[in-house]
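So the structure is just underneath, and the comments pick up after that.
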Amino acid sequence: MINLKEFQDNTVQELKKLLLTSKKNIIVLKAPTGSGKTFMLLTLINDMIDEFEEDLSYVWLTPGAGDLEEQSYDAMKNILPNLNAYLLSDALSQGFEKGSVYFFNWEMVTGKTNNAIKEDVEWSNLYDEINKFHRRNGRFILIIDEEHRNDTKKAEYLINKFKPEYTIRASATATNLKDCEYIEVNEQDAIESGLLTKKLYINYDVPDNEKIETEIDFLLEKADNKKKQCIEAYKELDLNINPLVVIQFPNNQSDYIDSVKEKLSEMGYSIENKTVAIWMSDSHINIENIKDLNSEVSFVFTKQAISTGWNCPRAKILVKLRENSSESFEIQTVGRIRRTAEGKHYNNEILDNSYIYTTDQKYVDEVKNNISIAIQKKNVSLKKGFKNITLKKQTASHEFVGEENICKLIKNFYFKKYGLTNNYKENQEKLTNNGYNFSNEVEWRTFKGAVNETETLVANDNTGTLKLRMVANTTDNGFQMTDSVRKLKPITTLSEQEIRAVISNLFHKKGQNEYKVLELENNSMLYAFVINNIEKIKNDIEELRGYSMQQINLYSFIENPKISDWSILENESLPFDSNEENIEPLTKNVYNEYDKSFITLNAGVRSLCEVEFEEYIEKCNDFKWIYKNGDGGKEYFSIVYKDGLENEREFYPDYILVMNDDSICIVETKGGEIAGENKNIDKTAKIKFESLKHYGEKYNIKWAFVRYYGNELKYCNTTWSEEMGKNTEWKNINEFKM
């Protein structure tokens, strides 16, 4: 029997009411990690089977990673032993039974290596068993656990096969969909009930501007000290609880793992003495009793596997090692250390909170970015009244300039922009005066503060940023250097190895003289310089990409681009904001069912200029149709240009318009100017402007760039200028007759 908290029971009753009365067959349940989502759903099933219709079968679908379906299955068998609970193998061998619950792993039925839905398996095909149950007048209720992990066409196909009476989509980051019922568990209720810690402290008691030896030593020592404080606090309450430290590693960083193992061994913790465990997708070591409150395991290594299907209430501290570049942080990871060990608070400041130690600069941004947003995709198709068009699509050769030429271009740019010479000492002074940092210490900022509810950064005395610094060395700063190098890949088109060679040639004492800008004495100084200045270096190279307009013959590079015929896609899957209340149709868009929910500013679906432009075209009598081009990909329209690094690139203009006389107009939108501040962040805008101008002249097609100036839109199709206020080339959009 399950004893629910009051907020949990209220949620169950609300779910039950919807299953019995709602005309909408999708119910979205958003419940914070640690709020007892599994218990609530198990109680719901138990009540439904006890009290209501007997022709229902319940199918519980869990994510493919890990063994979450078996955990949910075991939970039901332990808590509600009288209910009939089965796994996928049972359904395949025996079929579906009314009044029973089936736990499936998505990967087993939709993955590339599955056997469940193949025709030649020895068991009956899953779809056959579903159909047999339907023929016996059986009905399904689906529960999709961690629903955000399974938003795929295969998943949708499987769901449709069940033809469920109701589908309950549950997750800590679930979104409120159109045409569904939505229930959200208040995280504060879970906190006040004692299930979750009161606050989550990030870099607790770390002083600002602290100098550290190495990142790993710093984080592990802080975590261990906090762990020991918690142990003492539990002992004062006569509790034998060993708080667990979760160490989250970046993916594909085996060297990182070895370094952590070595440091923990120095501290007395190891896999051999069973105080260290590994819980990763490909490795499980010392995890047999890890969930016991008095387990001897003190540290557990994990990657993203910890974010789903892992429940260890004694987990108290998270060491989040810095990610490299594009790796994302999952908000569910936070929830794994927010559970309280015994489901209650102790009125003890140390025990009633949980802790994260990290040097990751991106931590807060990742938390914010992973908070639930209501962006979905909808399939649309071309309107019958629209006569499709054909344009000449240009494709880049993708034969990029090599590292030697890149070195020359960057050196020439630095010399011209900063007035440098071959006097490297003077060059350092000039770059210092322009904001470059030449300290031998690596400096970076991370977050320090407290999170109450996961989605809210709560202000307190310590809220803010925290500066850390350490003397640079190639061993301990290797990951930061790699991260810096990767930031330059998209703008240089070079490999990581080539970028390192360019950096060395430009800034190291041993670099080739013909490319040299500085003479940094050793690799440690080079690492410090690059890591501390990577944003300035990146911005300078991005400026170079659009800088050498007078040095490049703009028309020579598009004489013989790859050409192919292009037409608008018959069918598209477009992002829209499912929470947008204004769904007024936009009648001039080429696609059916296109409305104002497709031009929301939420989560970057559209930029401000794009929203205003699409609204303008909807009202303008000079245009019949508008099409929003994609941002990249072979299925979308592109024009080739050459940037300041002399690399061919593909430019995807934002809009293709059809005018009343059936002529075509191509439009690109850019950030404009507000209160005298330039909002255009694209440093290659001028070159793109010229390439679109040349394309329009070559194919006799109308074109324009559109930007906003204050509260009005302006366009230009003559001569590019960043300046808008006094420049007569930028005209009011109302003159946009073409």
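When 1/r is averaged over all different Cα pairs and the result inverted, which Kirkwood radius in Å belongs to the range 229-305?
The answer is 13.2 Å.
If the viscosity is 1.567 mPa s and the temperature 4 °C, what translational diffusion coefficient in µm²/s does Stokes-Einstein give for the range 596-679 when Rh comes from Kirkwood over Cα pairs?
Values: Rh = 14.6 Å.
Result for D is 89 µm²/s.
I need the Kirkwood Rh of the range 197-266: take the reciprocal of the average 1/r across all distinct C-alpha pairs and report it in angstrom.
Across the range 197-266, the inverse of the average 1/r is 14.2 Å.
I need the peptides 264-277, 562-575 ranked by packing, meaning the mean over residues of other C-beta atoms within 10 angstrom, with the highest value on top. Could you put the intermediate results ahead of the total?
Details: 264-277: 16.0, 562-575: 13.8.
Taking the mean over residues of other Cβ atoms within 10 Å, the ranking is 264-277, 562-575.
Which pairs in the list Lys263/Lys509; Lys30/Lys383; Lys392/Lys693; Lys211/Lys489; Lys588/Lys698; Lys377/Lys448 are over 25 Å apart, alpha-carbon to alpha-carbon?
Lys263/Lys509; Lys30/Lys383; Lys211/Lys489; Lys588/Lys698; Lys377/Lys448
Excluding same-chain residues fewer than 8 positions from Lys562, which aspartates and glutamates have a Cα within less than 12 Å of its Cα?
Leaving aside aspartates and glutamates fewer than 8 places away in the same chain, those within reach of Lys562 are Glu648, Glu650.
Taking a virtual spin label 7 Å from the Cα of Thr390 along the C-beta vector, which residues in the range 602-640 bring their backbone nitrogen under 19 Å of it?
So the set is 635-639.
Taking the mean number of other Cβ atoms within 10 Å as a proxy for protection, how do you rank 218-225, 156-163, 615-622 from highest to lowest?
Per-residue mean Cβ counts within 10 Å order the peptides as 218-225, 156-163, 615-622.
Looking at the P(r) of the range 643-694, how many percent of alpha-carbon pairs lie beyond 13 Å?
Tail fraction, whole percent: 68.
Could you give the distance between the Cα centres of the range 620-673 and the range 459-534, to the whole Å?
Going from one Cα centre to the other spans 36 Å.
Are there chymotrypsin sites (Phe, Trp or Tyr not before Pro) in the range 390-442 that DSSP puts in a loop and that have at most 16 other Cβ atoms within 10 Å, and which ones? Numbers along the way, then the final one.
On the way: sites: Phe400, Phe413, Tyr414, Phe415, Tyr418, Tyr424, Tyr436, Phe438; in loops: Phe400, Tyr436, Phe438.
In loop regions of the range 390-442 (DSSP not H, G, I, E or B), the sparsely surrounded chymotrypsin sites (Phe, Trp or Tyr not before Pro) are Phe438.
Starting with the highest mean, order 78-87, 239-248, 535-544 by the number of other Cβ atoms within 10 Å, averaged over the residues of each peptide.
The peptides rank, most packed first, as 239-248, 535-544, 78-87.
All of the numbers you see were taken from the coordinates with simple rules; none came from a lab. This one's a predicted model, so the numbers in the text were calculated from it and none came from an experiment. No Cβ is skipped: glycine too gets one built from the backbone with ideal geometry, and neighbour counts run over all protein chains shown.
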